[in-house]
Amino acid sequence: MNEITIIKPDDWHLHFRDQDMLLETVPATARCFERAVVMPNLVPPVTTAELALSYKERILAARPEGSSFTPIMTIYLTDKTSVQDIKDAKNAGVLAAKMYPAGATTNSDSGVNSLESLYPVFEALADNDILLLIHGEVTQKHIDIFDREKEFIDQHMVKIVERVPHLKVVFEHITTKEAADFVLSARDGVAATITPQHLLLNRNDMLDGGVRPHNYCLPVLKRSTHQEALRAVVKSGSPKFFLGTDSAPHAKHRKESDCGCAGCYSAWSALELYTQVFDELDALDKLEGFASIYGADFYGLPRNTETVTLVRESWEVPSNIILPNGEPIVPFFAGKQVAWKLK
Ligand code: DOR
Ligand code: ZN
């Protein structure tokens with residue numbers, strides 16, 4: 001097959017950032033995605049409905065002329081989030097709340113320290129039909145970084161899913177076989193997003209022959225057996241797994257530093273790279289479900305009606321993108337060939 005047409009996809013997890021950066025990130029996503037779930041880890045974080053609504057306005061203002069792209073807003077849970085905050089979020093049309101364990105990743109310092117005390121908030125999310133999106137890694141420093149996702153499942157995920165049975169939970173950007181198996185065997189109302197980097201790469205791609213900071217993201221890339229498990233679940237066509245790029249831009253100097261930050265800016269190549277993966281897996285017939293159907297169904301939103309077409313045509317991801325403020329950023333897969341192109 002040299003060409004594939006699918007329902008226009010949505011990105012169920014990404015980071016747009018704010019201010020001038022929106023002029024770069026919003027058009028990059030709007031070129032092929034109809035909707036995107038926008039992560040709230042700004043500085044300061046988007047913790048309330050009011051902050052989410054003003055952030056939404058700034059995103060809409062950065063859309064290309066004539067674009068129908070729609071951001072799906074989220075709020076950031078903290079130790080101080082109240083049941084009233086959740087009701088306000090519902091009234092403002094916020095569809096999901098993001099739970100970062102404090103210190104787990106970029107801009108998560110205001111995240112949750114005591115998951116135990118957040119159960120009334122989880123109940124309120126369920127009662128208001130708001131999804132809980134989870135960064136599933138423990139933050140205990142003695143736990144090996146490669147084991148933090150598995151530990152989170154054992155310490156917290158099992159409990160959250162059981163104790164609030166009517167809560168819809170998305171296990172974000174899963175990276176391990178354990179996470180894939182957990183989601184597969186979990187009750188209805190539990191799903192996961194998967195990024196292009198975790199399907200395409202494993203930790204050798206970050207560490208073998210030299211440190212490659214542009215492949216560093218969190219949760220960190222794992223060994224190839226986990227990459228294979230993720231590839232197997234997307235190939236299976238299970239509706240519990242859908243597209244979430246986790247596109248997360250950081251300026252080049254922040255990545256290429258003695259303490260480089262986590263995140264891959266994949267918006268310009270993500271859809272094409274997912275297509276490449278499904279092609280490699282001989283599963284192009286499963287791409288549309290993963291990219292355009294399962295996420296909308298899980299969120300309870302209508303499926304998109306337009307289509308996009310990808311063609312088998314090789315192109316090279318540019319080595320640099322210049323941000324509106326003049327700073328360079330190195331996109332994910334920079335300088336590498338991608339086998340599929342958006343028509
Ligand atoms: O790699 C990551 N980057 N993982 C996250 O969880 C956050 C993100 C970011 O905001 O840069
Ligand atoms: Zn993210």
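The values are calculated or read from the model by the stated rules, or taken from the named source; none is laboratory data. Predicted model, so just to flag it, every value in this text is computed and none were measured. Using ideal geometry, Cβ is built from the backbone for each residue, glycine included, and neighbour counts are taken over all protein chains shown. Keep in mind that these areas ignore ligands, DNA and RNA; they rest on the heavy atoms of the full protein, side chains included. Shrake-Rupley method; radii C 1.70, N 1.55, O 1.52, S 1.80 Å.
Observations
- Fluctuation leader among S247, S269, S238 - the chain, Gaussian network, Cα springs under 10 angstrom: S238
- Highest mobility in the GNM of the chain, judged by mean-square fluctuation with C-alpha springs under 10 Å and restricted to T307, T70, T29, is found for T307.
- Aspartates and glutamates whose Cα lies under 18 Å from that of K252, excluding same-chain neighbours fewer than 8 positions away: D18, D20, E24, E327
- 5 angstrom amide H check on C264, placed H, neighbours 5+ away: A248
- Cα centroid of segment 152-178 to Cα centroid of segment 180-253, whole Å: 16
- Residues whose amide H lies under 5 Å from that of V37, counting only those 5 or more places away or on a different chain, are D11, W12, H13, L14, I72; hydrogens are built 1.01 Å from N in the peptide plane.
- Separation of the Q19 and N204 label points, Cα + 7 Å toward Cβ, nm: 4.2
- Remark: accessible surface ordering of K177, K255, K240 (largest first) is K177, K240, K255, probe radius 1.4 Å.
- What the Cβ-Cβ distance of E116 and I143 gives, at R0 = 30 Å and to the nearest 0.05, is a FRET efficiency of 0.95.
- Qualifying aspartates and glutamates (Cα of each under 20 Å from Cα of K87; at least 8 residues distant if same chain): E50, D79, E123, D127, D129
- Per residue, in Å², the accessible surface of the chain once ligands and nucleic acids are set aside, probe 1.4 Å: 40
- Rounded if a/c under 1.5, otherwise prolate or oblate - segment 272-343, Cα gyration tensor axes: oblate
- Each label point was placed 7 Å from the Cα along the Cα-to-Cβ direction; for T5 and K80 their separation is 5.3 nm.
- Annotation for segment 295-340 versus segment 92-119: alpha-carbon center distance of 28 Å.
- Proximity of backbone amide H atoms, modeled 1.01 Å from N, is registered between G136 and E172 at under 5 Å, excluding neighbours fewer than 5 places apart on the same chain.
- About the centre of its Cα atoms, segment 3-342 shows a dipole size close to 60 debye [charges on the beta carbon of Lys, Arg (+1) and Asp, Glu (-1) only; nearest 20 debye].
- Heavy-atom accessible surface of segment 1-142: percent carbon and sulfur, 1.4 Å: 50
- Per-residue 3J(HN,Hα) values for segment 109-126, derived from phi via the Karplus relation 6.51 cos²θ - 1.76 cosθ + 1.60 with θ = phi - 60°, read 4, 8, x, 8, 8, 10, 4, 4, 7, 8, 4, x, 5, 4, 4, 5, 4, 4 Hz in sequence order (x marks Gly and Pro).
- Stretchable slack from D127 to S68, in nm (0.36 nm times residue separation minus alpha-carbon distance): 18.2 nm
- Distance in nm between pseudo-label sites at R31 and N320 (7 Å out along the Cβ direction from Cα): 1.9
- For the chain, the square roots of the Cα gyration tensor eigenvalues, ordered a ≥ b ≥ c, give a/c below 1.5, which places it in the rounded category.
- Among the listed pairs K286/K336; K235/K343; K240/K286; K56/K98; K141/K168; K177/K222, those beyond 18 Å (Cα-Cα): K286/K336; K235/K343; K141/K168
- Shape class for segment 209-343: prolate, because the ratio a/c of the largest to smallest gyration tensor axis (alpha-carbon atoms, square roots of eigenvalues) is 1.5 or more and a/b beats b/c.
- Trypsin sites (Lys or Arg not before Pro) within segment 3-112: DSSP coil, no more than 12 neighbouring Cβ in 10 Å: K80
- Table column - 3J(HN,Hα) (Hz), segment 165-181, Karplus curve with 6.51, -1.76, 1.60, x for Gly and Pro: x, 9, 8, 7, 10, 10, 7, 7, 5, 5, 10, 10, 4, 4, 5, 4, 5
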